[in-house]
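The values are calculated or read from the model by the stated rules, or taken from the named source; none is laboratory data. Remember, it's a predicted structure, so these values are computed and weren't measured experimentally. We place every Cβ from the backbone using ideal geometry, glycine too, and count neighbours over all the protein chains shown.
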Amino acid sequence: MHFEIEFSPAYALAIAKLNPGDAVMAESGAMITQDAHIRMETSASAGKGVGGFLKGLGRSMFLGESFFRNTFHADSAAGEVSFAPSLPGDIMVYPMQGQELIVQQQSFLASGTGVEIETKWGGFKSFFGEGRLFWIRAFGNGPLALNAFGAIKEIEVNGSYVIDTGHIVAFEPGLTFSIKRVGSWFSTFFSSEGLVCRFEGKGKLYIQSRNPAAFGGLVGPKLPPRNN
Amino acid sequence: MQQTIEFGPSYAMSTIDLAPGDSVTVEAGSMVGMSDGLEIKTSIGGNKAGFFGALLNFLMAFIRKFLGGESFFVNTYTPPPGQSGQIMVAPSLAGDIVHYQLDGNRSLIVQASSYLASSKDVVIKTKFGGLKSLFSGEGAFWLVASGTGDLWVNCYGAIHEINVQGKFTVDTGHIVAFDDTLDYRIKGAGGLKATLMSGEGIVCEFNGNGKLFIQSRNLGSMISWIIPRLPA
């Protein structure tokens with residue numbers, strides 16, 4: 001199974017090409033097209049058992065994460081399934097080869113079934129950084145398709161680099177991060193940058209060229225108020 | 001100072017490399033990433049000094065925010081003395097960025113919400129566009145950029161540069177920036193019936209010789225499209 005990405009960087013589409021017997025797993029609602037013979041199986045995304053059920057329920061209640069993931073099977077003949085995220089932007093394929101990748105919660109789109117996805121508690125420092133309590137930890141083998149709001153840029157960090165938290169897509173585990181104020185207290189409140197994320201170490205960092213929170217903050221006030 | 005713009009025309013982002021002694025001023029909220037150690041100074045923006053100057057800056061920034069949609073604050077990033085640095089900047093909306101070199105001879109008039117960044121010798125002044133500008137749908141204020149240095153302008157959609165020679169008409173919602181050598185006149189799209197029914201409404205007629213930058217999309221139109229689709 002491999003992914004082909006078309007229409008980068010603004011309205012990217014990920015096409016999963018499956019050999020007989022292959023399968024591809026994706027976020028609920030991401031499927032755009034599929035060959036007629038593809039069999040879809042839905043399962044709870046947080047894992048099995050009561051623990052998994054409660055964790056998944058909590059995540060979907062508080063974070064808007066979908067409770068379910070879908071696995072698409074090609075079975076006896078080769079086939080294609082295509083996926084796209086809701087927000088406009090790019091999709092990249094990261095080849096997982098036994099190592100880990102930490103992914104921003106809304107950036108997971110689809111993956112081969114050899115890739116395991118686990119939600120990871122980010123700690124309160126993550127919360128203050130972006131309002132996201134959970135990161136996704138991907139590990140295993142196979143292609144991993146990640147989506148972003150905007151274009152994706154790869155940065156090789158060797159030392160340290162600072163990123164506005166709303167722009168983080170994913171990073172390799174060789175990097176540690178700390179959330180810090182962008183400058184003085186005055187700057188932190190008025191610069192509109194607020195808290196930023198400082199990455200240290202050696203590894204690749206993937207960022208998106210637009211920030212969903214900033215876009216929401218600009219467009220939201222132009223819309224009529226919600227009725228409730 | 002070196003800069004590159006990637007990912008245009010939809011999700012453009014500019015990477016600015018600062019040499020020792022350089023600094024760049026950017027609209028608040030547009031920093032994507034930067035090398036560690038850059039000093040940040042948050043201020044209101046506006047170049048007049050003194051008490052009354054500061055008060056005028058405050059008033060202009062306040063008005064700019066509510067009528068122009070531009071952020072109230074700007075941030076100036078400077079690398080530590082003797083060191084170089086890097087900053088990546090991007091606007092909030094989908095669209096393009098254009099880098100304009102100011103040579104001290106001409107000013108560029110920029111739509112208020114299109115300011116993204118400028119280098120330290122560029123002077124940005126807020127200019128009231130007049131009542132006609134208020135009706136243009138893009139806010140009552142323009143910014144006038146003069147001096148020598150770099151200016152980064154963003155827009156909603158792709159940027160298209162036009163060399164105007166004589167007369168040229170543009171839908172007001174699509175104006176990003178233009179040379180100050182161009183005169184402009186806001187008028188209805190045609191007669192009264194055309195203005196009301198064509199859906200074009202108000203247009204801007206430019207006259208003269210100079211550069212004009214337009215954007216290929218219009219945020220107001222997109223919002224008008226979304227609003228009837230929101231839940232009741």
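Tabulated results
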read-out	value
Qualifying residue in region A:169-184 (condition: β-branched (Val, Ile, Thr), more than 7 Å from chain B (Cβ to nearest Cβ) and within 16 Å of A:Ala148 (Cβ to Cβ))	yes
Of all residues making up region A:190-216, the number that are more than 15 Å from B:Met13 (Cβ to Cβ) and at the interface with chain B (Cβ under 7 Å from one of its Cβ atoms)	5
Subset of region B:23-46 [polar (S, T, N, Q) and modelled with pLDDT under 90]	B:Thr42, B:Ser43
Residue among B:Thr76, B:Thr4, B:Thr15 that is assigned to a strand (DSSP E or B), within 14 Å of chain A (Cβ to nearest Cβ), farther than 24 Å from A:Gly89 by Cα and at pLDDT 90 or above	B:Thr76
Residue list for region A:1-18, filter: within 14 Å of chain B (Cβ to nearest Cβ) and either on the phi > 0 side of the Ramachandran plot or not aliphatic (A, V, I, L, M) (or both)	A:Phe7, A:Ser8, A:Pro9, A:Tyr11
Qualifying strands (runs of 3 or more DSSP E) (wholly inside region A:155-216; at least 2 residues being over 21 Å from A:Gln99 (Cβ atoms))	A:175-181, A:195-208
